[in-house]
């Protein structure tokens, strides 16, 4: 295998963090903007996010949730009202204090002291406050419930140390906000959103995840329950890829979301919120990327098939382009994974080989090269991004009749979609240790000299309050965190690793992003 | 006609501005948020915007333009660099000066003086600055051109007096930004975007518009040419519904967008920008709304057909709901205007008649009521929103066999789409006066006692500089503005109304939003 000349300069096993940065750049996903903590999402990266939006939005709408749009700004006073919310939330956020610029007399501009806002505005870090305010107006009677809302928006949380897609000051997300008459209804919605995220991750992103409940210390501030989906990255760390919160009645109380029940009494609504962000793009990279760049699952690939004509800048080019255009059209007329196949004919100037590696790094699922001789013979040369190399270390082109390729394209794409999932799923299952029975064994499993140890699923007694805090501190010393209590975990047996008490459930422990 | 009991309390002819506000509220489009100048876009209003996005985005992608995403914030220093840009642009904008809150010791929060930004950040009012900066990195060679980018984003321009959808401090839009090797290429892109907007407005929104070039005084600051589409509202005022700018090389110079040409020389790129915003929703209301609320063209209606079962809260309801669900499914399986029909079965509690008027005010194109007897007879009662009343002043229900309705639904929707356009087009053409030959006649046409005078298309000599400023002042005294020089206007004849010189082209004059 040493013969392979990979398309990236850094390998995952040598320096995962540096490898990640190289993929983001080499796959043309994003770059630093020059604005502190904010990134520019480039067309290929944004195209993947658009595909994620399209597929998740369809799931959101199918559940009867309606999209709406709420203001970017929150008046400081409204924000303060939600005391519990504010207490737990980081106070690192962008504060607008002026609404006009004036000349500084030296050719520059400064905030106009005359245009200082009476009350500063916060750029939304999340929209519970502002949407709760609207809900308090929209909900009057039990007939108005459930109220199921979602918005796609940008939010800002001032971050000191940023990493593209994983932690940026501004990021894009969807935030669902719902109000219900009863606890049961709201909890059912919390679980529906969680299951929606699980299915979205597994089916659309080929991303195996574990859905479960967060322990008390990891709850969204003010929430009664927080649930998450957790994905394992190739360095064994966990990434929280989506959360769903049952907020109880505390947010409804702060915002005044009350309704008249069927008997005429006044009741507080039960609310939920749930979100998935551009962080998911980072999860995609760290799950499916390899030493040649990104591999995009076909369902979210902006282009599923890229056709590269081997142009020679001579008279033969016109016929070759026409041949490739006919190939493009016949592929685009087909359906794969429930949608028309997205196929690009890349006839930009430059050598085909250079463009091939460009698309390998970006992770287009299928790359098709067509030269003049292929055209004459009615053939194409097909490179599957998920099986890039021969055993001899050469690009593993399949030469096949054009008609066969077209006829099989949809099945091939579906096979890549499933194959990426199977690969990631097998890797995760090989790296979750479920047999650890003592804290010492846990510490040993995550010993400093073990590079990518994976996760441990261990029995615990679900301590709360100060007892939980003490456990969290012990984990923190080992740079470990609780992830969640998996919905599908086996029954708890034996003693809690942390308290020695009889275990009541099993919880995941891991290093995390 | 006096027998009609309209669904709104205010008629267009009585108070157009108040009528507009009532439609926005009664059609459940948007409301004040409590945050100065920002609105909440409610699900029905946002659903229309989502439909606009979907259709315009497809046109943008079909032209080879790629979506990307750029930061919300612009460092003040970058902003100042574009001197011409800053000079003309309103300096009313949101300024971020702090990145953290701290307790004020009295239970509140204040911006932390320790967390004052060294350089304030502007919340983007438009993104020429930030996208130009990226283009300067991405464009190196002639091979990188054209660079065709678009982003869907929120922008903020601090407004003192706001009107929902028409002028709000935060609004949603798309902004296209492109860079080209030559003036010809950039001007061709400017005209392509203009034609894209014209077709989008006319075909998707049933909105007749006049495309043309803005006079010098109405140009985007720093632009070489500004083109617009202008739509006539039902009060005769003009609304600029989209703009496309050829920016010359001045923005490229400010941002440093240079490329190496085929001969190895360094050249400045020619850039364009073009945008359409949520203002388009306001245009839709003021073009298609009537005294019963909004009428949404089927292509952008979130729901094209609403089925209302006349439930009696008895044992018969289950069969009626099943009948309506089968009707819904058979409609949803059909294609209208190139997409699956969007149909809603509204089985919320409450009387069918109340819900009928709810959907009339929202402007759903077709409302179908089904009672137990209709079910037995295999019939439905259909109300076309574009032909709501009989001559006798009753809701004009068509009772027809269910199968006929289903078979004709797609054709009916297409007919409503065309009918709304034809109605608006006829109204506009009846209200553009092309025979005015003197400034006095122009002033008379727009005399204060004429309620909704419409537009005047007049010959002019295309004055520039101070001569133009003087003309603009005279118009301003009459509350009039130049709209554009229509692409399709007839040849100029006679003397300029404003300067007396020989006319060179014809220009539209109107009151405007």
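Can you find even one residue in the stretch B:196-212 that is within 14 Å of chain A (Cβ to nearest Cβ) and assigned to a loop (DSSP other than H, G, I, E, B)? No. In a residue-by-residue description of the stretch B:125-137, the property of being outside any loop (DSSP other than H, G, I, E, B), facing chain A (nearest Cβ under 10 Å) and surrounded by fewer than 20 Cβ atoms within 10 Å (Cβ to Cβ) applies to at least one position. For the stretch A:51-67, the set of residues classified as crowded, with 20+ Cβ neighbours inside 10 Å and either out of contact with any helix residue (DSSP H, G or I) (no Cβ under 7 Å at 6 or more places or on another chain) or more than 9 Å from every other protein chain (Cβ to nearest Cβ) (or both) consists of A:51, A:52, A:56, A:60, A:65, listed by residue number.
Residues that are at the interface with chain B (Cβ under 9 Å from one of its Cβ atoms) and modelled with pLDDT of 95 or more within the stretch A:143-167 comprise A:149, A:151, A:153, A:154, A:156, listed in sequence order.
Residue count for the stretch B:299-322 satisfying the condition of being part of a helix (DSSP H, G or I) and touching a strand residue (DSSP E or B) at 6+ places or on another chain (Cβ under 7 Å): 2. Filtering A:301, A:329 for residues that are buried (at least 21 other Cβ atoms within 10 Å of the Cβ) and closer than 30 Å to residue B:339 by Cα leaves a single hit, A:301. Only a single criterion out of (1) touching a residue at least 24 places away in the same chain (Cβ under 8 Å); (2) in a loop (DSSP other than H, G, I, E, B) is not satisfied by residue A:448, namely (1). Among the conditions (1) at pLDDT below 95; (2) at the interface with chain A (Cβ under 10 Å from one of its Cβ atoms), the only one that residue B:106 does not satisfy is (2).
Mind listing whichever residues of the stretch B:277-298 are part of a strand (DSSP E or B) and surrounded by fewer than 24 Cβ atoms within 10 Å (Cβ to Cβ)? Listed by number, the residues that qualify are B:277, B:290. Any chance the stretch B:245-264 includes a residue that's surrounded by 18 or more Cβ atoms within 10 Å (Cβ to Cβ), under 22 Å from the mean Cα position of the chain (by Cα) and not assigned by TED's automatic domain parsing to the domain that holds residue B:448? Yes, because at least one residue in the stretch B:245-264 is surrounded by 18 or more Cβ atoms within 10 Å (Cβ to Cβ), under 22 Å from the mean Cα position of the chain (by Cα) and not assigned by TED's automatic domain parsing to the domain that holds residue B:448. Applying the set (1) modelled with pLDDT under 95; (2) within 8 Å of another protein chain (Cβ to nearest Cβ); (3) not in a loop (DSSP other than H, G, I, E, B) to residue B:96 leaves exactly one unmet item: (1).
Total residues in the stretch A:28-50 satisfying the condition of being assigned to a loop (DSSP other than H, G, I, E, B), surrounded by fewer than 19 Cβ atoms within 10 Å (Cβ to Cβ) and touching a strand residue (DSSP E or B) at 6+ places or on another chain (Cβ under 7 Å): the figure is 0.
The values are calculated or read from the model by the stated rules, or taken from the named source; none is laboratory data. On a predicted model such as this, the values are computed, not experimentally measured, just so you know. Cβ: placed from backbone, ideal geometry, glycine included. Neighbour counts: every protein chain shown.
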